[in-house]
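Heads up, the thing below is written out as structure tokens.
No lab work stands behind these numbers, since they all come straight from the coordinates. A quick note: this is a predicted structure, and the numbers were derived from the prediction, not measured. Every residue, glycine among them, receives a Cβ derived from its backbone with ideal geometry; neighbour counts consider all protein chains shown.
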Amino acid sequence: MIKTNLNTCYKTANYFNKMFFEIPRKHINFILVEIPEWGNFCEDNGDVWIEMGKTYPNYNLFKNVLVHELVHMYQWLNPDPVDKEDHGPSFFRWNRYLTEYGVVLEERY
Ligand SMILES: [Zn+2]
């Protein structure tokens with residue numbers, strides 16, 4: 001079991017964001033909530049943030065969930081004109097690049 005903190009969230013997000021997504025920093029906001037093992041991408045009136053759990057069984061799951069939510073943030077900023085699904089082909093195409101960095105996107109964890 002690992003405990004998360006905001007610093008780890010931002011560090012991990014910045015690493016993958018620089019490499020893949022290039023989401024403007026002002027959008028990258030985290031809050032920690034009591035939802036172990038998964039995260040949420042949240043949007044309200046143009047504000048966006050990611051909810052992450054306070055604990056995860058292991059770091060890998062934390063990383064997979066965090067990057068999963070970053071992809072949703074990327075989709076929000078760059079909507080695919082054809083693929084409107086949250087977990088459609090435009091979501092899973094990221095696995096092509098991410099698996100090399102130890103991240104596997106899944107629909108559910
Ligand atoms: Zn999702």
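Listed by Cβ neighbour count within 10 Å, with the fewest neighbours leading, Glu69, Glu100, Glu37 appear as Glu100, Glu37, Glu69.
What is the distance in Å between the Cα centres of the range 52-86 and the range 1-46? Centre-to-centre (Cα) distance: 9 Å.
Projecting the Cα atoms of Thr8, His27, Val65 onto the charge dipole of the chain, computed from C-beta unit charges around the Cα centre, puts Thr8 farthest toward the positive end.
Neighbour counts of C-beta atoms inside 10 Å place Met1, Met52, Met19, Met73 in the sequence Met1, Met19, Met73, Met52, starting with the fewest. Counting only DSSP beta bridges with both residues in the range 6-109, the antiparallel share comes to about 60 percent. Modelled this way, with points 7 Å down the Cα-to-C-beta line, the labels at Glu106 and Asp86 are 1.7 nm from one another. Measuring gaps between exposed loop sites in the chain (trypsin sites (Lys or Arg not before Pro); DSSP loop; at most 16 other Cβ atoms within 10 Å), the longest gap, sites not included, is 1-53. Sum up the charges of everything whose Cβ sits under 14 Å from the Cβ of Lys18, counting Lys and Arg as +1 and Asp and Glu as -1, but leave Lys18 out. That sum, taken over residues with Cβ under 14 Å, equals +1. Placing +1 on the Cβ of every Lys and Arg and -1 on the Cβ of every Asp and Glu, with nothing else charged, gives the range 2-101 a dipole about its Cα centre of roughly 500 debye. For the chain, the number of Lys pairs with C-alpha atoms closer than 16 Å, counting only pairs eight or more positions apart or on separate chains, is 9.
Place a point 7 Å from the Cα of Arg96 along the Cα-to-Cβ direction; which residues of the range 38-73 have their backbone N under 18 Å from it? Hits in the range 38-73 for Arg96 at 18 Å: 71-72.
Rounded to 0.05, the FRET efficiency of the Asn7 and Asn78 pair, given R0 = 22 Å and the Cβ-Cβ distance, is 0.20. Determine the shape class of the range 7-109: with a ≥ b ≥ c the square roots of the Cα gyration tensor eigenvalues, call it rounded for a/c under 1.5, and otherwise prolate if a/b is greater than b/c, oblate otherwise. Taking the square roots of the gyration eigenvalues as a ≥ b ≥ c, the range 7-109 is rounded. Met1 sits among other residues whose Cβ lies under 14 Å from its own Cβ, and their net charge, with Lys and Arg +1 and Asp and Glu -1, is +1. Think of each Lys and Arg Cβ as +1 and each Asp and Glu Cβ as -1; about the Cα centre, that makes the dipole of the range 21-75 roughly 240 debye. Relative contact order of the chain, taken over Cα pairs closer than 8 Å and 6 or more residues apart, is 26 percent.
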